[in-house]
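We did not get these values from a lab; they are worked out from the coordinates using the rules stated. Since this is a predicted model, take the numbers as computed values, not measurements. Heads up, the Cβs are rebuilt from the backbone with ideal geometry, glycines too, and the neighbour counts pull from every protein chain shown.
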């Protein structure tokens with residue numbers, strides 16, 4: 001067997017790419033936990049950031065219905081109790097900041113696209129290995145009709161959250177339903193609650209699909225296939241609702257009874273929670289059903305409104321089909337020329353402003369106008385990841401730590417350098433740099449990070465005699481930090 | 001033979017054309033010159049020559065729209081895409097910004113004149129809004145995405161060649177809206193770009209704001225129709241023909257029914 005066959009046999013299947021993409025969706029969550037230690041405004045290591053992130057996505061998903069999603073502040077407010085439970089000792093302000101940090105990172109504020117990109121490899125039909133980019137978002141910001149910006153969970157986020165990766169919505173739904181009935185008959189309410197929540201997410205997904213199709217219909221009836229596809233979707237959604245109504249009403253009856261009969265207060269409470277969730281599910285189904293019933297009427301009304309036109313009287317272009325869509329399909333590099341031509345022609349003419357001397361003088365003498373509160377556009381930073389951040393190895397850092405641990409007697413830099421050079425020539429440089437850094441130690445930062453000691457360097461005027469380094473032969477010592485309020 | 005007075009009149013007609021919000025219906029002198037342009041072929045030629053000397057092209061002169069002018073290449077009256085689109089230091093990013101802005105303008109015209117007939121009909125007045133323009137492009141992106149998903153091979157963009165990424169992917173990836181600290185619409189979101197384009201076109205006298213609904217609702221002016229019909233659509237179309245990505249359509253002219261088949 002040739003190498004190429006081995007690769008295509010083991011690697012090139014679509015399932016691999018799908019799994020890599022699914023894996024990529026979880027990366028931003030892991031990334032939060034990896035970066036939490038580097039936050040300088042708090043020691044955030046006590047927080048389980050991935051948990052908070054999942055909880056955030058939950059909150060947004062639950063708040064999604066047909067018209068709006070969740071407002072930023074609402075989400076932050078709902079997150080706070082959950083965050084407070086993780087670190088009850090910390091202040092409410094810090095909890096708030098953690099909530100905002102997680103939310104901003106899930107949106108990925110600071111990048112132009114506000115999304116994430118992972119590179120994955122795949123083997124194309126010619127057998128060559130290609131690196132491809134997978135772009136995805138977890139939380140999407142959208143504008144409501146009133147101009148407010150609100151949040152929705154992306155399909156990727158819902159899939160990651162529900163764990164229904166690459167499965168059929170309909171069949172997963174039935175599976176969840178069967179599981180739920182099983183769980184209730186065995187009395188396992190905690191799992192039942194989870195299954196009920198999953199069922200609710202799927203209902204939300206159904207609603208999303210329908211909403212997108214109806215929106216498309218309002219713009220252009222011809223963009224949506226109302227001959228086959230939409231009736232099928234409406235039928236399956238309606239039969240789905242019918243089944244869910246029956247199932248959920250049965251569940252509601254059973255659990256309400258379980259709630260009333262339960263002796264154990266914990267069981268009673270959990271059953272009550274489940275009753276709430278199921279009741280919410282039922283109200284969502286009702287909402288979906290009323291939209292489904294109105295869908296046909298929307299189509300007919302839009303068809304009447306967007307009535308078909310007569311034949312054109314002179315030859316003109318179909319702007320949408322002959323200009324917009326072909327331009328969208330072009331690679332960016334090729335698309336520049338046609339769209340620039342269009343803009344150039346459609347923008348019209350601009351009369352260059354010529355300043356006259358007399359008005360220039362009065363212009364210069366005029367008092368400065370009050371600054372508008374709203375500044376111009378805020379430039380988005382274009383960040384390029386650093387190639388290699390660790391110049392020194394962990395081993396070198398550890399040895400430098402050992403050398404610079406000087407709790408009792410201060411030592412000269414020259415002595416330390418000599419000792420370091422014996423062990424490793426590069427270590428001497430690290431020691432010298434750290435000594436220099438501690439000449440002006442950041443006591444404040446050390447206190448904030450919760451360190452119990454810091455390195456201090458003092459210059460007593462002795463010059464450093466060394467082949468590689470020049471300057472003062474610093475006196476180094478370790479200073480302990482005592483804290484008020486820490487017993 | 002043209003006299004000095006004729007040249008002055010011709011230049012005045014052009015100067016009226018440079019004030020896009022001034023219309024013949026509201027100005028007797030302007031209306032007179034427009035009528036003369038239509039009736040007197042010597043005056044028409046003279047006006048065209050004066051315009052050509054200034055680096056301008058007379059697209060049309062009509063009572064509804066007035067004198068509609070376009071700048072020729074390298075003219076002082078030209079509006080460059082580079083000065084309109086946000087400047088970026090990285091070349092690929094600059095191209096992306098330009099393409100996104102250009103697409104927004106294309107979509108505005110496509111929504112203003114949804115059928116070929118509307119563009120040809122002098123009395124047609126279209127309506128566009130920020131929400132709809134963004135919606136039209138996103139809808140087209142969604143259709144292209146579905147079409148791409150149906151295709152057998154994997155056509156996710158290559159990681160090493162951002163300039164080969166298809167334009168619709170760049171548009172679809174850009175957020176529609178983003179919350180800013182001061183509650184305004186962020187300018188590099190697609191809705192920010194659309195509302196910028198519509199305001200710009202309104203300043204140029206191509207659109208008139210009707211209401212603030214749907215992020216700003218505008219109606220088209222006859223001037224915009226002439227600009228799109230006589231110049232913009234053709235020059236972009238020629239570029240696309242050269243790239244070989246569109247075929248000349250038949251009399252029905254619309255590609256939309258064939259797109260809906262792929263859904």
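Within chain B, the proportion of Cα pairs with more than 31 Å between them is 35 percent. So if R0 is 35 Å, what FRET efficiency would residue A:268 and residue A:41 give, r being the distance between their Cβ atoms, rounded to the nearest 0.05? Taking R0 as 35 Å, the efficiency between residue A:268 and residue A:41 is 0.25. Find the centroid of the Cα atoms in the stretch B:195-232 and in the stretch A:268-293, then give the distance between the two in whole Å. For the stretch B:195-232 versus the stretch A:268-293, the Cα centre distance is 46 Å.
Other chains' Cβ within 10 Å of A:146-158 residues: what's the mean? Write down the numbers at each step before the final one.
Values: counts 0, 10, 3, 12, 2, 1, 0, 0, 0, 0, 0, 0, 0.
Shielding by partners across A:146-158 averages 2.
Report the extension gain between residue A:305 and residue A:383 in nm, rounded to one decimal, defined as 0.36 nm multiplied by the number of residues separating them, less their alpha carbon distance. Numbers along the way, then the final one.
Values: separation 78, 0.36 × 78 = 28.08 nm, distance 4.81 nm.
In short, 23.3 nm is gained.
Taking every residue in A:209-219, how many Cβ atoms of other protein chains lie within 10 Å of its Cβ, on average? Spell out each step's value before the answer.
Numbers: counts 0, 0, 0, 3, 1, 0, 3, 6, 0, 2, 8.
Whole-number average of other-chain Cβ neighbours for A:209-219 is 2.
In percent, rounded to a whole number, the relative contact order of the stretch B:11-84 is 31, using alpha-carbon pairs under 8 Å and six or more apart. Spin-label pair residue B:49-residue A:439: with each label point 7 Å from Cα along the Cα-Cβ axis, the two points sit 7.9 nm from one another. Stretching residue A:128 away from residue A:460 to a fully extended chain increases their span by 113.0 nm, per 0.36 nm per residue minus the current alpha-carbon distance.
Based only on other Cβ atoms within 10 Å, what is the fewest-to-most ordering of B:168, A:41?
Details: B:168 25, A:41 11.
Fewest-to-most Cβ neighbours within 10 Å comes out as A:41, B:168.
Relative to the dominant Cα principal axis of chain B, helix B:4-17 is inclined by about 30°. In this entry, the stretch B:159-226 is assigned a mean projected area of 6.7 nm², taken as a quarter of its C-alpha convex hull surface.
Taking all Cα pairs closer than 8 Å and separated by 6 or more residues, the relative contact order of chain B comes to 17 percent. Projected label points at residue B:11 and residue A:405, each 7 Å from Cα along the beta carbon direction, are separated by 8.9 nanometres. Cβ-Cβ distance of residue A:104 and residue A:77, R₀ of 22 Å, FRET efficiency by 1/(1 + (r/R0)^6): the value works out to about 0.90. Computed packing ranks the peptides A:321-327, B:4-10, B:235-241, B:107-113 as B:107-113, A:321-327, B:235-241, B:4-10, most packed first, by mean other Cβ atoms within 10 Å.
Within 10 Å of the Cβ of each residue in B:188-201, the mean number of Cβ atoms contributed by other protein chains is 2.
Sequence gap at least 6, Cα distance under 8 Å: using those rules, report the relative contact order of the stretch B:102-201 to the nearest whole percent. Each step should come with its number before you reach the end.
Details: 76 pairs, mean separation 27.6, N = 100.
Here the relative contact order equals 28 percent.
Model label points for residue B:145 and residue B:75, set 7 angstrom from Cα along the Cα-to-Cβ axis, are 4.1 nm apart. For the peptides A:69-76, B:117-124, the ranking by packing is A:69-76, B:117-124, with the highest mean count of neighbouring Cβ atoms within 10 Å listed first. Between B:157, B:175, B:114, the residue with the greatest mean-square fluctuation in the GNM of chain B (Cα pairs under 10 Å linked by springs) is B:157.
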